[in-house]
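Please read the structure below before turning to the comments.
The values are calculated or read from the model by the stated rules, or taken from the named source; none is laboratory data. Keep in mind that this is a model prediction, so the values were computed, not measured. Neighbour counts run over all protein chains shown; Cβ positions are idealised from the backbone, glycine included. What goes into the accessible areas is simple: the full protein's heavy atoms, side chains included, and nothing from ligands, DNA or RNA. Shrake-Rupley method; radii C 1.70, N 1.55, O 1.52, S 1.80 Å.
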Amino acid sequence: MNIHPSNPSENLGATPEVRSGTVSDLRSPNGYLVSITPLADTDSSMIERWKTLEANASEPNPYLSADFLIPAARHLSNPASLLLVAISDPGYCLRGMLIITERAANLRFPFRHYALFKSPHSFIGGVLISRAHQKEVFETITYYFRSRTSKYKALYIDDLYINSNVYHQLSNAPCSGVYLHDSYRRAVIDLRSSTRSLVGALDHKKVKDLERCKRNLGKKGVYHWRIVEGSDIAECTVEAFLDLEHKGWKGEQNTSIRSSPREEAFFREMVYNFSRENRIFFTEILIDELIIASTCNFRIDNRVFAFKVSWDVDFRSFSPGMLNEYEFLHYLDRNRNSVHYVDSGSSHDSYIEKFWPDRAHIVNGYCLFSRPLLMISYLLSAIRYLLRITRRYGRQLTSIMNSRGQ
């Protein structure tokens, strides 16, 4: 078997470079050009421009990479339903990009709208923007969505860092705003905020338990923890990860990557893409030559993005998944100069919160580019608040009446 994909990303489509004369073009007052094309028409030239933009992005995000999004669109979605919005400067250099799709009205937002494309395996939302052209790109994005060219005046974004440039710029754009409907705290590691040892900050009892598990595993063979990255990622690396995940509860519930041929095809192609540029790594625990725990992670510059975890259920009594995280904390303590920040990609109340000390504020909501929509959204928010208060006091009144009746 081979980790090389049967359909490499460059074969998604074959059309000319995005310039005037594409599906939809709009020139903003600052001279920047918005070009709208189906993602299915993306050619190798556009992918190269995309990767150049990614290398100079204001905020690193592997989930916005061509190496991730194109396999995700091909295997997990319908590329024909996705639009690539490219923002170029007057010299036609790509300075910003987003992938959008149409969404139906729902109970939270009773109007049709656009949404940033986000695969089931994406854990951070956002927009890809050149760090040296942020002001102009955000001006152009706002101008486009407020113009008659844009079919809808609302854009849904989820899993967005509240301290990100994207949130700051969109929430402060003239005649626009952000209507949030949900937020949570995600476990992260910010090595810039403290010099304290990550392992030293763990609960003493937890450390004793993990060290005992480590010693007991050592009685079954040679215990070894390692990182496998870049060109060292082989078929056996990917196969071990997929096999371990499928053996566990995800396989039982048909939610493992291997449960779906499309999901596995996406994963293999994505790993192949990132490994070519040394931007992905696996952490593994081995007993002799047997891999009993594995994690898949992205690395961009000095930031790490945890992606997927798996471990051998036959060794569950030794907590191999927890041990893998514990060994990774040791690694981070030893490599503070090369790793500054780690995103867990987890939801609230994840087990990883026992290991990772810091939290990031993540929000979900709608970017609104119309004053009437803003006013309606504020009204809906007020109505929902009043309904919550009414229900709360109604339950309290019912409880009081019932207690008096007794």
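Farthest toward the positive end of the dipole of the stretch 43-190, out of 124, 144, 56, is the Cα of 144, where the dipole comes from beta carbon charges about the Cα centre. Entry note, the chain: relative contact order of 20 percent, from Cα contacts under 8 Å with a spacing of 6+ residues. Across the stretch 154-269, the relative contact order, built from alpha-carbon pairs under 8 Å that are at least six residues apart, equals 8 percent. What figure in square angstrom, to the nearest 10, would you give for the accessible area of residue 387 with a 1.4 Å probe? Counting only protein heavy atoms, residue 387 exposes about 90 Å² to solvent. Legend: distances between Cα atoms for 214/247; 51/118; 118/206; 118/151; 51/250; pairs beyond 25 Å are 118/206; 51/250. For the pair the stretch 162-213 / the stretch 46-123, the C-alpha centres are spaced 24 Å from each other. The local environment of residue 169, defined by Cβ-Cβ distances under 10 Å, has a net charge of 0 under the rule Lys, Arg +1 and Asp, Glu -1. Shape class of the chain from the Cα gyration tensor (axes a ≥ b ≥ c, square roots of the eigenvalues): oblate, since a/c reaches 1.5 or more and a/b does not exceed b/c. Rolling a 1.4 Å probe over the protein heavy atoms leaves residue 207 with an accessible area of roughly 30 Å². The helix-based estimate of mean residue ellipticity at 222 nm for the chain, built from -39,500 (n - 2.57) per DSSP H run of four or more residues and divided by its residue count, is -11000 deg cm²/dmol to the nearest 500.
Counting charges near residue 87 (Lys, Arg +1; Asp, Glu -1) among other residues having Cβ under 10 Å from its Cβ returns a value of -2. For the stretch 278-339, the set of GluC sites (Glu not before Pro) satisfying both a DSSP loop assignment and a count of at most 13 other C-beta atoms within 10 Å is given as 289. So what's the net charge close to residue 285: Lys and Arg +1, Asp and Glu -1, counting the other residues with Cβ under 10 Å from its Cβ? Local net charge: -1.
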